[in-house]
Amino acid sequence: VAVAIGVDVGGTKVLAVGVDLASPGRVVASSRVATPGGGTEDLAAAVVAGAVSVADRVVASGATVVAAGVGLPGLVDVDGCLRAAPNLSRGVGATLRAPLGDALRVPVVVDNDANCATWAEVVAGAGRGAREVVLVTLGTGIGGGLVSGGRLLHGGHGFAGEPGHMVVDPSGAPCPCGRRGCWERYASGSGLERLAREAAGRGEAPSLVSPEDPRGPSGERLAELARAGDGAATAVFATFAGWLGLGLANLVNLLDPELVLVGGGLVDAAELYLGRAREVALSSVMGAGSRPPTRIEAATLGPEAGAIGAALLAAGEGARSRG
Ligand SMILES: [Zn+2]
């Protein structure tokens, strides 16, 4: 049995999985540790340790490790180096290909985490069979991945697919990237929480203000309130859906995908916003009504998508380089 190892490095955790290549969505072993607080060497050590612990179990089960991939949360250049990462700045400069290749003795691919998640959905999830796909992941920020002609688009330097930093309001909220009014300040998980704080600050949403949580409700709490019929939480989700739809319309205008997938942590609450976001997006694209509607759907592989995709990307590259 051939298994590829995939590691997804997030702001809070490092997740490593082994993926059975005969059944590409199937995870045969996994390991999860907190993202270390130190610099790039600590990060590399955590990635290698997670991958090796999974690889050891894979080998003990009688299977063979054939490739390994890593997904990083930021701009990953063509040499696999993390060049910028608003939500993991201490990891900038990390190069993982050599240490992981030395530890596992297999070909290693390093890519952006959302690119990895996109590839996973296309090979084994909601995007199976589609060749023109955009994935946006709604988490702390907004990640993105673009597939055209059945291949991931990397751009000229490896950095394509960062829709979270399309500016939708030049005088809007400051973004960790240094600019203002980026789409992810409005349509990510942290954007949702910010919209709730603002509504509460304007006095429009007393139900969202709790003495135990002066920083405002979490996304999970907002979803709970909205499901229970709370008007203020429902209104925040409606505003959120409008911002999400606006950005999705921009992406459809630019790329004309057949399928847009919405993934990331917020996909668990998709029933509270995805229908409205789809309506906004499809009614505001250029030529709405005179073009086939792009499908806009929830991703299906969940929080392991990035790690699974890193493994599948590495397996594909490994197969290519072996001819
Ligand atoms: Zn930004």
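The values are calculated or read from the model by the stated rules, or taken from the named source; none is laboratory data. Because the structure is a prediction, the values reported are computed rather than measured. Cβ sites come from the backbone with ideal geometry, for glycine too, and all protein chains shown count toward neighbours. Side chains are part of the model used for accessible areas, which takes the heavy atoms of the whole protein and leaves out ligands, DNA and RNA. Shrake-Rupley method; radii C 1.70, N 1.55, O 1.52, S 1.80 Å.
Go through 21-28, 52-59, 137-144 and give me the packing order, highest mean Cβ count within 10 Å leading.
Working: 21-28: 15.6, 52-59: 18.9, 137-144: 26.9.
Those peptides, ordered most packed to least, come out 137-144, 52-59, 21-28.
What translational diffusion coefficient, to the nearest whole µm²/s, does the range 213-310 have by Stokes-Einstein, given a Kirkwood radius computed over alpha-carbon pairs, a temperature of 20 °C and 1.002 mPa s viscosity?
Details: Rh = 14.6 Å.
The Stokes-Einstein estimate is 147 µm²/s.
Return one quarter of the surface area of the convex hull spanned by the alpha-carbon atoms of the range 44-183, equal to its mean projected area, in nm².
Details: hull surface 38.6 nm².
Answer in nm², one decimal: 9.6.
Ignoring ligands, DNA and RNA, what accessible area per residue does the chain give at 1.4 Å, in Å²?
43
Output the 0 to 90 degree angle, nearest 10, between the alpha-carbon long axis of helix 231-255 and the longest principal axis computed from the alpha carbons of the chain.
It is inclined by approximately 60 degrees.
With a sphere of radius 14 Å drawn around the Cβ of ARG227, what net charge do the other residues whose Cβ falls strictly inside it have (Lys, Arg +1; Asp, Glu -1)?
-4
Determine the percent antiparallel among the DSSP beta bridges restricted to the chain, to the nearest 5.
Details: 28 of 49 bridges.
Bridges in the chain are about 55 percent antiparallel.
Give the peptides 151-161, 250-260, 233-243 in descending order of average Cβ contacts within 10 Å, highest first.
On the way: 151-161: 15.2, 250-260: 18.0, 233-243: 21.0.
Taking the mean over residues of other Cβ atoms within 10 Å, the ranking is 233-243, 250-260, 151-161.
Quick check: residue separation of ALA45 and ALA238 times 0.36 nm, minus the Cα distance between them. What number comes out in nm?
Fully extending the segment from ALA45 to ALA238 adds 65.2 nm.
Round to a whole angstrom and tell me the spacing of the C-alpha centers of the range 83-124 and the range 236-256.
28
Quick one: among PRO99, PRO174, PRO214, which has the greatest mean-square fluctuation in a GNM of the chain with alpha-carbon springs under 10 angstrom?
Top of the fluctuation ranking is PRO214.
Assuming R0 = 41 Å, can you tell me the calculated FRET efficiency for the pair ALA98 and VAL167, based on Cβ-Cβ distance, to the nearest 0.05? Numbers along the way, then the final one.
Values: r = 36 Å, r/R0 = 0.89.
Step by step, r from the Cβ atoms, then E = 0.65.
Rg/Rh for the chain to two decimals, with Rh computed the Kirkwood way over all alpha-carbon pairs.
0.99
Add +1 for every Lys or Arg and -1 for every Asp or Glu among the other residues with Cβ under 12 Å from the Cβ of GLY145, and state the total. Display every interim value, and only then the final one.
On the way: positive: ARG151; negative: ASP111, ASP113, GLU121, GLU162.
For residues surrounding GLY145, the net value is -3.
Based on the Kirkwood radius over alpha-carbon pairs, what is the Stokes-Einstein translational diffusion coefficient of the range 260-323 at 4 °C with 1.567 mPa s viscosity, in µm²/s? Kindly include the intermediate steps, with their values, before the conclusion.
On the way: Rh = 14.3 Å.
Translational D for this selection: 91 µm²/s.
To one decimal place, what orientation-averaged projected area in nm² is obtained for the convex hull of the Cα set of the range 226-273?
Details: hull surface 14.5 nm².
Computed as one quarter of the Cα hull surface, the answer is 3.6 nm².
What is the P(r) of the range 1-123, as percent of Cα-Cα pairs per 10 Å bin from 0?
Each 10 Å bin holds this share of Cα pairs: 15, 50, 31, 5, 0.
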